[in-house]
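Student: Quick one: the structure is below, and I'll ask about it shortly.
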Protein chains: 2
Amino acid sequence: MNVLLVYAHPEPQSLNGSLKDFSVQRLEAAGHEVQVSDLYAMQWKATLDAADSTAQPGDRFDPSRDSQHAFAHGLQSKDIELEQEKLRWADTVILQFPLWWFSMPAILKGWVERVYAYGFAYGVGEHSDSRWGDRYGEGTLAGKRAMLIVTTGGWESHYAARGINGPIDDILFPIQHGILHYPGFEVLPPFVIYRTGRMDETRFTEIGDALGQRLDDLAHTAPIPFRRQNAGEYEIPALTLKPAIAPGQSGFSAHIK
Amino acid sequence: MNVLLVYAHPEPQSLNGSLKDFSVQRLEAAGHEVQVSDLYAMQWKATLDAADSTAQPGDRFDPSRDSQHAFAHGLQSKDIELEQEKLRWADTVILQFPLWWFSMPAILKGWVERVYAYGFAYGVGEHSDSRWGDRYGEGTLAGKRAMLIVTTGGWESHYAARGINGPIDDILFPIQHGILHYPGFEVLPPFVIYRTGRMDETRFTEIGDALGQRLDDLAHTAPIPFRRQNAGEYEIPALTLKPAIAPGQSGFSAHIK
């Protein structure tokens, strides 16, 4: 299959750089086609602004409206178009990054903001009082799979159910649910590497074995069972869970079957 | 008091631009000193990289180690130093931004990543098996207050306890707890404006009244009672809540008294 690896680390000679090289080799050895968007190497423009469209600037920049216009009329800047083409080409998309301040690095956040155009990743499908667009399980990227590879210096216990940073699944929910499931991806469980400051050859080999297995299993790993917006479980347009669905539950986990 | 407003929206003639102007006027009218870091207007460099230090580049860029070296030896790039000075000067810091893909805009995330140097916002205090640094309630910015002003196009119900996006308090937890409480801030409840696509003069006046009240009350609003790392409630170094603290609770909310 076709795999797009979107990678955000500034140093090729880093743990992240080694893991990226490992993943590319493993996937290619298995016969997959691989493209890498190495955002730092590409000097990816992180900041969404009026220059993201080649249209004549209006008197006032509106991020959504101007994105919609540029996407609909072929006026997007070239770097955005190329990334959208890669997303269309891919069967599976991997985002790989170090967890900085409990989210993705700014350069990757800016990739999401700029590539996820209105009409491409949001504002897709009918928006009315009975249907709130094609999103959360439907949309342009439906039928594709996505997975995170994340490194962090903290210990696994710091990200446990009662760990001080909050549970890793909750920290990643806005990305896995809000950025990946939203435009349609099926999201596989993340591959998280803790305590990166304690790395040696033995541990790197163990991590490679585990990551390699995950990459070998990409096509048949069960995705996180996020609920679908338009499958009858949510009130529309309030978009709250219907009373009969997960009664008494609230928070992020209520949106997982 | 001294108020720093860190503001991230690309268009001055926007709701966010109007709210920023409103806040500055209200705070100055009350006798406060106000500084604004208007990140788009400053063309803030969003991407953390080796150029953030004036030191001779080593053979390999390490974000933490090189940040520590640059901070300790006065080798940080000037734009980072200036923002750190503003943070030291401020009694209260407000971050104002539109919620893009369930987090802050990349330009603001990059402000955090670059300004929050090792030795300034993390890596502060003793790190040992009995003390895990001055963080989560202690640190360089202890004694200061912080607050978010956030706009979103979604409805309030979409961000409710059972809303499809997840509860707004959980979406903002990695920012309020992980970015603000971490280096020491007391964090006030956020001011969130929903459904920004439906704005008229009446509603803007109502929002101004409510926001103005929050700004008038900055000094005596009760902060979110996040637990402090070093107050005896966490096991060290596992950094999980002790069994007697919030027994049976887990997730983000367990870290709020």
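Student: Of all residues in segment A:170-206, count the ones that are within 25 Å of B:Gly133 (Cβ to Cβ) and acidic (Asp, Glu). Reasoning before the result, please.
Tutor: The initial filter retains those residues of segment A:170-206 that are within 25 Å of B:Gly133 (Cβ to Cβ), namely A:170-172, A:192-200, A:203.
Among the residues that remain, those that are also acidic (Asp, Glu) are: A:170, A:200.
The qualifying residues number 2.
Student: Limited to segment B:140-172, what total is found for residues that are buried (at least 23 other Cβ atoms within 10 Å of the Cβ) and either at pLDDT below 95 or of a type in the set (Lys, Arg) (or both)?
Tutor: Number satisfying all stated conditions: 1.
Student: Hey, does segment B:178-185 have a residue that's assigned to a loop (DSSP other than H, G, I, E, B), touching a residue at least 60 places away in the same chain (Cβ under 8 Å) and within 7 Å of chain A (Cβ to nearest Cβ)? Show your work before the answer.
Tutor: Looking only at segment B:178-185, we keep the residues that are assigned to a loop (DSSP other than H, G, I, E, B), and these are B:182-185.
Subset that is touching a residue at least 60 places away in the same chain (Cβ under 8 Å): B:182-183, B:185.
After this cut, where a residue has to be within 7 Å of chain A (Cβ to nearest Cβ) as well, the list is none.
The answer is no; no qualifying residue exists.
Student: Moving on to the next point. For segment B:188-215, which positions are farther than 12 Å from B:Leu15 by Cα, of a type outside the set (Phe, Trp, Tyr) and surrounded by 14 or more Cβ atoms within 10 Å (Cβ to Cβ)?
Tutor: Those that are farther than 12 Å from B:Leu15 by Cα, of a type outside the set (Phe, Trp, Tyr) and surrounded by 14 or more Cβ atoms within 10 Å (Cβ to Cβ): B:Leu188, B:Pro189, B:Pro190, B:Val192, B:Leu211, B:Gly212, B:Arg214, B:Leu215.
Student: Looking at this structure, is B:Gly74 within 14 Å of chain A (Cβ to nearest Cβ) and farther than 26 Å from B:Gln213 by Cβ?
Tutor: Working: within 14 Å of chain A (Cβ to nearest Cβ): no; farther than 26 Å from B:Gln213 by Cβ: yes.
So B:Gly74 fails the test.
Student: Let me ask another. Tell me, please, whether a residue that is over 19 Å from the mean Cα position of the chain (by Cα), within 9 Å of another protein chain (Cβ to nearest Cβ) and either closer than 21 Å to A:Pro174 by Cα or at pLDDT below 95 (or both) can be found in segment A:45-53. Before you say what the answer is, go through the steps one by one.
Tutor: To start, the set of residues in segment A:45-53 that are over 19 Å from the mean Cα position of the chain (by Cα) comprises A:49-53.
This time we only want the ones that are within 9 Å of another protein chain (Cβ to nearest Cβ), so: A:49-50.
Remaining after also requiring either closer than 21 Å to A:Pro174 by Cα or at pLDDT below 95 (or both): none.
Scanning segment A:45-53 turns up no residue that is over 19 Å from the mean Cα position of the chain (by Cα), within 9 Å of another protein chain (Cβ to nearest Cβ) and either closer than 21 Å to A:Pro174 by Cα or at pLDDT below 95 (or both).
Student: Of (1) within 14 Å of chain A (Cβ to nearest Cβ); (2) in contact with a strand residue (DSSP E or B) (Cβ under 8 Å, 6 or more places away or on another chain); (3) β-branched (Val, Ile, Thr), B:Val192 satisfies all except one. Which?
Tutor: Of the numbered conditions (1) within 14 Å of chain A (Cβ to nearest Cβ); (2) in contact with a strand residue (DSSP E or B) (Cβ under 8 Å, 6 or more places away or on another chain); (3) β-branched (Val, Ile, Thr), the odd one out for B:Val192 is (1).
Student: Could you tell me whether segment A:63-80 includes any residue that is of a type in the set (A, V, I, L, M), within 19 Å of A:Phe191 (Cα to Cα) and under 23 Å from the mean Cα position of the chain (by Cα)?
Tutor: Step one: list which residues in segment A:63-80 are of a type in the set (A, V, I, L, M), which gives A:70, A:72, A:75, A:80.
Still in the running and within 19 Å of A:Phe191 (Cα to Cα): none.
Within segment A:63-80, not a single residue is of a type in the set (A, V, I, L, M), within 19 Å of A:Phe191 (Cα to Cα) and under 23 Å from the mean Cα position of the chain (by Cα).
Student: Looking only at residues that are farther than 21 Å from B:Leu19 by Cβ and of a type in the set (Val, Ile, Thr) in segment B:128-178, which one is nearest to the chain's Cα centre (by Cα)?
Tutor: For segment B:128-178, the residue satisfying everything is B:Thr140.
Student: Right, next: Determine whether A:Ser23 is more than 10 Å from chain B (Cβ to nearest Cβ) and closer than 19 Å to A:Lys144 by Cβ.
Tutor: Numbers: more than 10 Å from chain B (Cβ to nearest Cβ): yes; closer than 19 Å to A:Lys144 by Cβ: yes.
Answer is yes for this residue.
Student: Taking the condition within 25 Å of A:Pro63 (Cβ to Cβ), small (Gly, Ala, Ser) and surrounded by 17 or more Cβ atoms within 10 Å (Cβ to Cβ), does A:Ala121 pass? Let's see the steps before the verdict.
Tutor: Values: within 25 Å of A:Pro63 (Cβ to Cβ): yes; small (Gly, Ala, Ser): yes; surrounded by 17 or more Cβ atoms within 10 Å (Cβ to Cβ): yes.
Judged against the criteria, A:Ala121 is a match.
Student: Here's something else I'd like to know. For the structure I just gave you, tell me whether B:Thr240 is in contact with a strand residue (DSSP E or B) (Cβ under 6 Å, 6 or more places away or on another chain) and either over 30 Å from A:Leu239 (Cα atoms) or among the small types (Gly, Ala, Ser) (or both).
Tutor: On the way: in contact with a strand residue (DSSP E or B) (Cβ under 6 Å, 6 or more places away or on another chain): yes; either over 30 Å from A:Leu239 (Cα atoms) or among the small types (Gly, Ala, Ser) (or both): yes.
So B:Thr240 passes the test.
Student: Determine which single condition A:Asp59 fails, assuming it passes every other condition in (1) acidic (Asp, Glu); (2) within 13 Å of chain B (Cβ to nearest Cβ); (3) closer than 23 Å to A:Met104 by Cβ.
Tutor: (3)
Student: Also, I was wondering about something else. Can you tell which of B:Ala55, B:Ala41 is out of contact with any Phe, Trp or Tyr (no Cβ under 9 Å at 6 or more places or on another chain) and either at negative phi or surrounded by 14 or more Cβ atoms within 10 Å (Cβ to Cβ) (or both)?
Tutor: Numbers: B:Ala41 fails: out of contact with any Phe, Trp or Tyr (no Cβ under 9 Å at 6 or more places or on another chain).
Result of the check over B:Ala55, B:Ala41: B:Ala55.
Student: Of everything in segment A:223-235 that's closer than 14 Å to B:Arg162 by Cβ and not aromatic (Phe, Trp, Tyr), which residue is surrounded by the most Cβ atoms within 10 Å (Cβ to Cβ)? So that I can check it myself, show each step before the final result.
Tutor: As a first pass, look at segment A:223-235 and keep what is closer than 14 Å to B:Arg162 by Cβ: A:227, A:229, A:233-235.
With the extra rule that they be not aromatic (Phe, Trp, Tyr), the set shrinks to A:227, A:229, A:233, A:235.
Working: A:Arg227: 20, A:Gln229: 23, A:Glu233: 16, A:Glu235: 15.
That would be A:Gln229.
Student: Does A:Ser64 satisfy being at the interface with chain B (Cβ under 9 Å from one of its Cβ atoms), closer than 25 Å to B:Thr196 by Cα and either crowded, with 17+ Cβ neighbours inside 10 Å or not acidic (Asp, Glu) (or both)? Full working, then the answer.
Tutor: Details: at the interface with chain B (Cβ under 9 Å from one of its Cβ atoms): yes; closer than 25 Å to B:Thr196 by Cα: yes; either crowded, with 17+ Cβ neighbours inside 10 Å or not acidic (Asp, Glu) (or both): yes.
It is true that A:Ser64 is at the interface with chain B (Cβ under 9 Å from one of its Cβ atoms), closer than 25 Å to B:Thr196 by Cα and either crowded, with 17+ Cβ neighbours inside 10 Å or not acidic (Asp, Glu) (or both).
Student: Is it the case that segment B:34-41 has a residue that's within 12 Å of chain A (Cβ to nearest Cβ), at pLDDT 95 or above, over 18 Å from the mean Cα position of the chain (by Cα) and under 30 Å from A:Gly123 (Cβ atoms)? Steps first, answer last, please.
Tutor: Looking only at segment B:34-41, we keep the residues that are within 12 Å of chain A (Cβ to nearest Cβ), and these are B:39-41.
Those left that are additionally at pLDDT 95 or above: B:39-41.
Of the ones still in play, those that are also over 18 Å from the mean Cα position of the chain (by Cα) are B:41.
Still in the list and also under 30 Å from A:Gly123 (Cβ atoms): B:41.
Scanning segment B:34-41 turns up at least one residue that is within 12 Å of chain A (Cβ to nearest Cβ), at pLDDT 95 or above, over 18 Å from the mean Cα position of the chain (by Cα) and under 30 Å from A:Gly123 (Cβ atoms).
Student: Could you count how many residues in segment A:223-241 are within 9 Å of chain B (Cβ to nearest Cβ), assigned to a loop (DSSP other than H, G, I, E, B) and free of Cβ contacts under 8 Å to residues at least 40 places away in the same chain?
Tutor: The total comes to 2.
Student: Sticking with this structure for a sec: Only one of these is within 12 Å of B:Glu186 (Cα to Cα) and not hydrophobic (A, V, I, L, M, F, W, C): B:Gly153, B:Gly143, B:Gly166. Name it.
Tutor: Values: B:Gly153 fails: within 12 Å of B:Glu186 (Cα to Cα); B:Gly166 fails: within 12 Å of B:Glu186 (Cα to Cα).
When all the criteria are applied, what remains is B:Gly143.
Student: Out of all the residues in segment A:121-149, which are touching a strand residue (DSSP E or B) at 6+ places or on another chain (Cβ under 9 Å), part of a loop (DSSP other than H, G, I, E, B) and not aliphatic (A, V, I, L, M)?
Tutor: A:Gly125, A:Glu126, A:Gly133, A:Arg135, A:Tyr136, A:Gly137, A:Gly139, A:Gly143, A:Lys144
The values are calculated or read from the model by the stated rules, or taken from the named source; none is laboratory data. All figures in this text were calculated on a predicted structure; none of them were measured in a lab. Heads up, the Cβs are rebuilt from the backbone with ideal geometry, glycines too, and the neighbour counts pull from every protein chain shown.
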